[in-house]
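The values are calculated or read from the model by the stated rules, or taken from the named source; none is laboratory data. Please read these numbers as outputs of a predicted model, since none were measured by experiment. A quick note on method: Cβ atoms are made from the backbone with ideal geometry, for glycine too, and the neighbour counts reach across all protein chains shown.
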Amino acid sequence: MRLSIAKLPGDGIGPEVVEQASKVVDTVCSRFGHEVEWTFGYVGACAIAKFGDPYPERTHAVCMASDAVLFGAVGDPKYDNDPSSKVRPEQGLLAIRKSLGLYANLRPVETFKSLAERSPLKTELVDGADFLCVRELTGGMYFGEKGLRDGGDTAFDTCVYSRFEVERILRLAFEYARRRRKHLTVVDKANVMETSRLWRAVAKEMEPEYPDVAVDYMFVDNAAMQLIRCPKFFDVIVTENTFGDILTDEASCVSGSMGLLASASVGEHTSLFEPIHGSYPQAAGKNIANPVASILSAAMMFEYAFGFMEEGRAIREAVAASIESGVVTEDLGGGCSTSEVGDWISDKIIRK
Ligand code: IPM
Ligand code: MN
């Protein structure tokens, strides 16, 4: 089959990890007989530098015309340290999510046996943990009305959710739970927030449609504790945008490194695949970043965008083999470079 993929490396370590992931995609395509056509797009700080816009129209056109988007990371310390900046790299990522209608971000958390000791948590707690975070991605505080008043002395970000938005993400989460261990945890702050009460009410209304799924409700502060106290409790977690952002960084501790967690953003138009980590500017250009999160995002791309489960499995097996063989970057205590890990995984897929 002919696959057309948009390549949006972005900033920081984005280009380095996406280079490894695209190499792996090329290898998988040659092994399985697919033709792949890459189209590059600028996004983030590099797009601001070139076009004055973190998500230029031409990049949007590339994404819309592609079957999938492979995304790296956006961000630059220059903007982090300048709160007065009107235009920011992160706006590019928010714009891409909004304009492609990517309302669901799927972040699976798995553990690798040989890495259980890398987790800051006790081995017996994390060993065998396996859950999926379903993060709502185009609503909540990220997109609600925001601004300044009182001459800049008061700032506000509004958390808004409509029933429609809540129901569609919950439905997706129920469906994933149904295909997994049939346990859904709805995470909210319904003891305080009106939006959370709407989430909880809608979830309760939907429960009878999924009699095979056991549902529990957890306040987000408690969920943050339970995630590291007993990660094996969870199967599918569904939550709103900001809570999901925070909880999934926390959840990466279960796997042992941020550099391992992949994600798929799906919705109305072209799906996008990106690591959950950021642009990690301190490591940019040093060939030390862990490419596995990006490579596993490519595996998710085969599975979710193309329905090619075997291709996805080939990538996952090669990644697992690299980890078991100690071919890992420094975040996992190894001595390999970004490109060495990518080359090893790529070779493994061919050798198979
Ligand atoms: C993520 C990132 C983004 C987010 C940033 C870069 C806007 O942290 O994908 O988790 O907050 O969603
Ligand atoms: Mn985040």
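Data overview
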read-out	value
Count of the range 28-58 residues which are buried (at least 21 other Cβ atoms within 10 Å of the Cβ) and closer than 15 Å to Ala299 by Cα	1
Looking only at the range 235-269, and only at residues there that are farther than 17 Å from Ile169 by Cβ and assigned to a loop (DSSP other than H, G, I, E, B), the one that is nearest to ligand 2 (Cβ to nearest atom)	Leu261
Residue that is farthest from Pro281 (Cα to Cα) [pool: residues in the range 76-106 that are touching an Asp or Glu at 6+ places or on another chain (Cβ under 6 Å) and either within 15 Å of ligand 1 (Cβ to nearest atom) or hydroxyl-bearing (Ser, Thr, Tyr) (or both)]	Pro89
Subset of the range 92-103 [within 15 Å of ligand 2 (Cβ to nearest atom) and not in a helix (DSSP H, G or I)]	Leu102
Residues being part of a loop (DSSP other than H, G, I, E, B), within 12 Å of Gly75 (Cα to Cα) and among the hydrophobic types (A, V, I, L, M, F, W, C) - total across the range 1-54	2
From the options Ala223, Ala201, residue that is assigned to a helix (DSSP H, G or I), of a type in the set (Gly, Ala, Ser) and surrounded by fewer than 17 Cβ atoms within 10 Å (Cβ to Cβ)	Ala201
Enumeration of residues in the range 55-91 that are part of a loop (DSSP other than H, G, I, E, B) and over 19 Å from Ala155 (Cα atoms)	Tyr55, Pro56, Ser66, Asp67, Val74, Gly75, Asp76
Unmet requirement for Thr329, which otherwise passes all of (1) within 14 Å of ligand 1 (Cβ to nearest atom); (2) among the hydroxyl-bearing types (Ser, Thr, Tyr); (3) modelled with pLDDT of 95 or more; (4) surrounded by fewer than 24 Cβ atoms within 10 Å (Cβ to Cβ)	(1)
Count of the range 270-307 residues which are of a type in the set (Phe, Trp, Tyr), part of a loop (DSSP other than H, G, I, E, B) and either buried (at least 24 other Cβ atoms within 10 Å of the Cβ) or within 16 Å of ligand 2 (Cβ to nearest atom) (or both)	1
Spans of strands (runs of 3 or more DSSP E) in the range 119-187 with at least 3 residues buried (at least 21 other Cβ atoms within 10 Å of the Cβ)	130-136
Test: residue in the range 239-260 that is surrounded by 24 or more Cβ atoms within 10 Å (Cβ to Cβ), under 14 Å from the mean Cα position of the chain (by Cα) and of a type in the set (A, V, I, L, M)	yes
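Okay, residues lined up against (1) under 19 Å from Asp235 (Cβ atoms); (2) touching a Leu at 6+ places or on another chain (Cβ under 6 Å); (3) among the β-branched types (Val, Ile, Thr); (4) touching a residue at least 24 places away in the same chain (Cβ under 8 Å):
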{"position": "Ala129", "(1), (2), (3), (4)": "yes, no, no, yes"}
{"position": "Gly140", "(1), (2), (3), (4)": "no, no, no, yes"}
{"position": "Gly147", "(1), (2), (3), (4)": "no, no, no, no"}
{"position": "Gly151", "(1), (2), (3), (4)": "no, no, no, no"}
{"position": "Arg168", "(1), (2), (3), (4)": "no, no, no, yes"}
{"position": "Arg178", "(1), (2), (3), (4)": "yes, no, no, yes"}
{"position": "Lys189", "(1), (2), (3), (4)": "no, no, no, yes"}
{"position": "Glu194", "(1), (2), (3), (4)": "no, no, no, no"}
